[in-house]
Amino acid sequence: MLTPSTHYPWLASAGKIGNLPIKNRIVMPAMGTVMASTNGEASDHLIAYYAERARGGAGLIITEIVSVEYILGKAVAVQLRADHDEFISGLGRLARAVKKHGTRIFAQLHHAGNQSNTRLTGGKQIVAPSAVVNQVIGEEPHPLTIEEVNELVHKFIQAAVRCQTAGFDGVQLHGAHGYLIGQFISPHSNRRTDEYGGSLDNRLRFVTNIIQGIKEACGDEYPVVVRFSADEFTEGGVKLEEGIQIAKKLEQAGSNALDVSCGTYESMQSLLEPISYEQGWRTYLAESIKKEVNIPVITVGVIRQPTFAEQVLADGKADYIAVGRGMISDPEWPNKALEGRDREIVPCISCLYCIDTIFSGNNIACAVNPHTARELEFAHYPEDGAGRKIVIVGGGPAGITAALVLKRRGFEPIIYEKNYELGGELIRGCVPPHKEQIRWYKDYLNNQVEMNDIEVRRNTEATPEIVHLDDPYAVIVAIGAHPYVPESFIGKDIITAEQLLDQCVSVDEGQKVLVVGAGLTGCETAEMLAIRGAHVTIIEMCSQIAPEANVINRIGAMERLHETGVEISTSSRLVAINNGVVETVNTDTDHSQTFEADMIVFALGLQAPAEKLQQWQSNFRRLVVIGDALSPRRVAQAVREGFDTGYTLI
């Protein structure tokens with residue numbers, strides 16, 4: 001076997017933070033999980049989650065936020081704590097579970113400041129350096145007194161001592177993304193006139209006092225890393241020029257490495273990027289910092305592919321690569337990369353489903369990795385298939401995922417696919433702009449089918465009669481859904497977004513196109529048509545576009561539609577279509593409006609194929625319906641249903 005360094009020598013090379021050896025250059029950065037126990041202790045599920053990622057080969061894992069002041073410092077409903085000695089034991093179990101795999105672990109010490117809210121603090125007023133209202137939170141904070149500031153410095157130091165006692169290899173201070181340390185640093189949020197405000201040195205005093213205090217309490221050899229926003233992308237906030245000065249001063253204060261990030265809640269797209277952002281777009285920030293300091297620099301931000309990560313290191317833009325969401329989708333990203341198994345990496349598709357689950361108060365979940373945060377539930381796969389045949393009708397993500405799990409259990413799955421290419425809705429999902437990650441995932445699934453030697457009968461539309469000939473032990477129906485067109489418009493001169501995405505219909509430059517429906521499919525179709533030169537208008541019955549979408553992706557879609565000149569008419573209910581003239585009624589005012597169009601595109605979502613399902617259900621006793629055939633939803637639900645069905649089928 002080739003040695004790891006043969007494939008990606010820069011990623012595989014050992015490094016140091018302070019005097020602490022790190023086995024490779026791959027860092028799993030801090031990401032929330034909402035998997036701690038309700039009182040903030042490291043739960044068994046959380047420990048299993050981190051242990052699996054350590055087993056996957058990361059050189060360094062930086063935990064999710066660890067609270068130094070649990071009530072006023074909270075950012076989510078449930079998070080880890082290091083504000084009391086009673087949490088040392090649980091933190092110790094977490095540290096040992098990670099370190100036994102040769103992976104280093106740092107705790108990210110955190111206080112939310114004005115990016116908390118009274119719902120999280122039990123009604124207590126949130127705190128901040130100054131009484132500046134965060135526009136996302138909308139609550140006025142209590143400006144901290146000097147005594148309160150000094151007490152918080154002490155709490156950060158004591159939390160670091162507890163983490164050291166628990167066996168952590170170091171700590172990271174979360175000074176990025178607009179949290180309390182960052183609020184002191186930023187002129188946007190720090191309006192103080194005392195020793196903690198005004199000049200840059202004063203604004204940095206809070207964090208430098210923490211660094212120096214940790215060094216005194218834990219020893220100068222104990223690594224301290226600071227994560228900070230080199231550019232906040234907010235009016236009056238930190239810009240890169242000042243970010244470089246901040247980096248220099250943090251080095252002087254004793255920081256052993258710098259984790260260079262960006263943004264705050266008020267510039268959310270820069271820290272939780274939608275799918276349209278280019279791979280590694282933030283690396284220029286780390287590169288600018290690295291030129292000016294002599295300590296290691298960690299870069300982060302939509303870094304998905306080992307080839308890209310390797311080039312960043314080779315070009316000298318950073319010393320370490322943080323692979324965040326990529327290690328949610330595949331804990332083995334490091335091992336697979338260093339062993340040259342790139343095709344086996346489960347790619348993050350930037351859908352932000354992980355963020356949706358956390359924002360809703362649930363523990364983290366991944367659209368393309370249904371095992372994420374369920375490591376204890378599915379620790380062992382039963383090997384009880386005994387070669388029995390399972391027919392899977394439909395080769396989309398639900399069907400393929402079921403087939404892969406069943407194969408692992410020892411069944412012999414057979415996939416029937418009416419088209420030649422596998423992928424289902426993913427095939428259409430690749431077509432609009434900025435959807436390269438969807439193609440990566442489609443290709444990954446196809447590769448997995450090939451590597452696991454799963455039988456596929458392509459260009460074959462299965463029927464109950466055909467499938468009966470296989471004498472299957474069970475049948476899984478994953479035939480997807482069909483475009484929804486209201487009965488009153490069937491037969492009208494319309495096409496569906498799906499027909500466009502299947503490239504069955506072309507559009508000419510200058511054509512007037514009306515898109516009916518502003519879900520994500522409608523928005524992406526409209527953007528695609530506008531880029532191709534059409535004059536596009538969207539009508540949507542709801543008051544906003546893409547109401548079902550993640551808020552960050554919705555904002556991104558709106559910005560791109562504006563940039564491409566797409567006109568949007570919300571609160572518009574479709575009434576009639578006559579010879580290319582579309583009549584609508586405003587649902588708020590009852591005002592009528594007409595639109596002339598050369599092409600009318602319906603993007604009203606999908607509908608489960610009820611009649612086809614009845615045929616299958618009446619023919620097989622052991623039958624399961626999954627994915628869009630059951631109910632049209634997102635990739636996440638299709639993949640999870642495929643996984644769960646494959647795992648539990650008896």
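The values are calculated or read from the model by the stated rules, or taken from the named source; none is laboratory data. Just so it is clear, the model here is predicted, and its values are computed rather than measured. Heads up, the Cβs are rebuilt from the backbone with ideal geometry, glycines too, and the neighbour counts pull from every protein chain shown.
Worth pointing out:
- Which numbered condition residue 549 misses (of (1) surrounded by fewer than 17 Cβ atoms within 10 Å (Cβ to Cβ); (2) within 26 Å of residue 359 (Cα to Cα)): (1)
- Answer residue from segment 172-220, given it is among the charged types (D, E, K, R) and under 14 Å from residue 247 (Cα atoms) and is surrounded by the fewest Cβ atoms within 10 Å (Cβ to Cβ) among those: 201
- Counting the residues of segment 21-38 that are in a loop (DSSP other than H, G, I, E, B), under 18 Å from residue 226 (Cα atoms) and not small (Gly, Ala, Ser) gives 3.
- Test result for residue 270, of a type in the set (Ser, Thr, Tyr), surrounded by fewer than 21 Cβ atoms within 10 Å (Cβ to Cβ), without any contact (Cβ under 8 Å) to a residue 40 or more places away in the chain and within 25 Å of residue 291 (Cα to Cα): no
- Out of 497, 530, 526, sole residue that is under 20 Å from residue 581 (Cβ atoms) and outside the structural domain of residue 629 (by TED's automatic domain parsing): 526
- Extreme residue, farthest from residue 639 (Cα to Cα), among residues of segment 480-504 that are part of a loop (DSSP other than H, G, I, E, B) and without any contact (Cβ under 8 Å) to a residue 60 or more places away in the chain: 491
- Selected residue (criterion: nearest to residue 154 (Cα to Cα)) from residues of segment 196-216 that are of a type in the set (Lys, Arg) and in contact with a Gly (Cβ under 8 Å, 6 or more places away or on another chain): 215
- Failed item in (1) surrounded by fewer than 20 Cβ atoms within 10 Å (Cβ to Cβ); (2) among the hydrophobic types (A, V, I, L, M, F, W, C); (3) assigned by TED's automatic domain parsing to the domain that holds residue 618, with residue 379 passing the rest: (3)
- Just one of the listed residues (280, 254, 243, 236) is surrounded by 20 or more Cβ atoms within 10 Å (Cβ to Cβ), out of contact with any strand residue (DSSP E or B) (no Cβ under 6 Å at 6 or more places or on another chain) and in contact (Cβ under 8 Å) with a residue 40 or more places away in the chain, and it is 243.
- Segment 303-357, residues that are of a type in the set (A, V, I, L, M) and surrounded by fewer than 19 Cβ atoms within 10 Å (Cβ to Cβ): 314
- Options 552, 600; residue that is among the hydrophobic types (A, V, I, L, M, F, W, C), outside the structural domain of residue 430 (by TED's automatic domain parsing), in contact (Cβ under 8 Å) with a residue 24 or more places away in the chain and not in a strand (DSSP E or B): 552
- Restricting attention to segment 355-386, the residues that are more than 14 Å from the chain's Cα centre (by Cα) and either within 18 Å of residue 400 (Cα to Cα) or of a type in the set (Phe, Trp, Tyr) (or both) total 4.
- Residue 289 being buried (at least 22 other Cβ atoms within 10 Å of the Cβ), free of Cβ contacts under 8 Å to residues at least 60 places away in the same chain and not in a loop (DSSP other than H, G, I, E, B): yes
- Top-ranked residue of segment 555-567 - restricted to ones that are surrounded by fewer than 20 Cβ atoms within 10 Å (Cβ to Cβ) and either closer than 17 Å to residue 357 by Cβ or β-branched (Val, Ile, Thr) (or both), ranked as nearest to the chain's Cα centre (by Cα): 555
- Checking 311, 305 one by one, the residue that is closer than 28 Å to residue 637 by Cα and among the polar types (S, T, N, Q) is 305 and no other.
- Residue in segment 64-74 that is of a type in the set (S, T, N, Q) and either surrounded by fewer than 23 Cβ atoms within 10 Å (Cβ to Cβ) or outside the structural domain of residue 188 (by TED's automatic domain parsing) (or both) present: no
- For segment 21-35, the tally of residues that are more than 19 Å from residue 299 (Cβ to Cβ) and in contact with an Asp or Glu (Cβ under 8 Å, 6 or more places away or on another chain) stands at 2.
- For segment 461-483, the tally of residues that are exposed (fewer than 14 other Cβ atoms within 10 Å of the Cβ) and of a type outside the set (Asp, Glu) stands at 2.
- The lone criterion from (1) part of a helix (DSSP H, G or I); (2) under 16 Å from residue 286 (Cβ atoms); (3) not small (Gly, Ala, Ser) left unmet by residue 227 is number (1).
- Against the test of being part of a loop (DSSP other than H, G, I, E, B) and modelled with pLDDT of 95 or more, the options 301, 280 yield a single qualifying residue, 280.
- Pair list, Cβ < 7 Å and 6+ apart or interchain, from segment 324-336 residues that are under 15 Å from residue 355 (Cβ atoms) and outside any helix (DSSP H, G or I) to residues that are of a type in the set (Val, Ile, Thr) and at pLDDT 95 or above: 324/300
- Failed condition for residue 59, given (1) touching a strand residue (DSSP E or B) at 6+ places or on another chain (Cβ under 6 Å); (2) under 30 Å from residue 124 (Cα atoms): (2)
- Residue ID - farthest from residue 642 (Cα to Cα), chosen from residues in segment 354-371 that are among the polar types (S, T, N, Q) and part of a loop (DSSP other than H, G, I, E, B): 360
- Filtering segment 449-462 for residues that are assigned to a helix (DSSP H, G or I) and in contact (Cβ under 8 Å) with a residue 24 or more places away in the chain leaves a non-empty set.
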